[in-house]
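Written below as structure tokens is the structure these notes are about.
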Amino acid sequence: MNNQKDINEELDAIAPLLKNISRLPVQSVPEGYFERFSVKIPAESAPVVKMPMVRKWMGYASAALVAGILVTAGFIFTDRNVQPFNYEQYRRIDVPAEMNKLTDDELQNYLVTATVLSGAGHTSSPVSEEINETITAETASLNQVSDEELEQFLNENAGNTDIK
Amino acid sequence: MEDDEIVTAFKRAGTKENAFTLLVKKYQEKLYWHIRRLIPAHEDTNDVLQNTFIKVWNGLGSFREDSQLYTWLYRIATNESLSFLEQQKRKAAVDFDQLGEAYSNSIKADSNFDANRLEWKLQLAIRQLPDKQKLVFNLRYFDNMGYEEMSRVLDTSVGALKASYHHAAKKIEEFIKNH
């Protein structure tokens, strides 16, 4: 730092007034500050150990494995109570035979309940009205058939169980 | 003890603390005034000086001995001072002129202040400069630093530093003549 001569020559050229001003500090400093000054070094922080690549990937693999187990377990436990639909069970049912086991009262009850539930009596759609008219007409024509004619019909069709 | 000896001693486990104490004793006053010329209040200067030496403690182990220690120390002190000033500006949300005025007031509040003395007029004039010009002027005028060394401290070309110093010196002289 032996630039004092150069600096003064430079100042002579650009700002001569500054050359003769004292460079000693003028601001006040607490008494004995420099004698007492000490640096408070913070306690050594724990060194940061960098994880090797292999351990890093092992960590990722473990995390993926745990995630996989959790997802699989989730599927297993949430689907546990849902039974698969057994088509075979229903295919083996003999519908006409099962129907024959029903009494007339049960059938009558079913028809009344089904009619009420479907609201057939209150519907105003053209298709429903047409069906109702057909049922009424058939019921009226059946009323005109005598008991003897009905008995004869049943005797002739006793062996035939197909309903079409 | 020479700077390179201090650095070597610092790098040895057994002499690290003694070397650091020597370094602090050798440079504390120079760095204090370098910081104080940028930051007017003693308490703030003390905080910045502490931070500077903590950075030195943390970095001296990896300091390359082909560099000059004092240039490196000035560089740390300068960066710490500028960071502090930036923080102050952000906190106060004031512009440069307002901050310059606040600093001028803090100079006038000093118990030694004498408005008629050229040294104090010089201090007030320096406060009017932008931070970078202030730094360049202080390093050359008060610390007798050569342009090459300043270039290493401030990461600025020698040409730009010379221009900056000339502008600063002229502005200061003008201020003193008018006040």
Is it the case that some residue within region B:64-73 is away from chain A (no Cβ under 12 Å), surrounded by 16 or more Cβ atoms within 10 Å (Cβ to Cβ) and touching a residue at least 24 places away in the same chain (Cβ under 8 Å)? yes
Looking at region B:106-119, can you tell me whether even one residue there is within 20 Å of A:Ser28 (Cα to Cα), out of contact with any His (no Cβ under 9 Å at 6 or more places or on another chain) and modelled with pLDDT under 80? yes
Residue count, region B:34-51 (criterion: in a helix (DSSP H, G or I), buried (at least 20 other Cβ atoms within 10 Å of the Cβ), in contact with a Phe, Trp or Tyr (Cβ under 9 Å, 6 or more places away or on another chain) and within 11 Å of chain A (Cβ to nearest Cβ)): 3
When region A:24-41 is examined, which residues are found to be within 7 Å of chain B (Cβ to nearest Cβ) and either among the hydrophobic types (A, V, I, L, M, F, W, C) or surrounded by 15 or more Cβ atoms within 10 Å (Cβ to Cβ) (or both)? A:Pro25, A:Val26, A:Gln27, A:Val29, A:Phe34, A:Phe37, A:Val39, A:Ile41
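The values are calculated or read from the model by the stated rules, or taken from the named source; none is laboratory data. Quick caveat, the model's predicted, so the values are computed rather than measured. Here the Cβ is made from the backbone with ideal geometry for all residues, glycine too, and neighbour counts use every protein chain on show.
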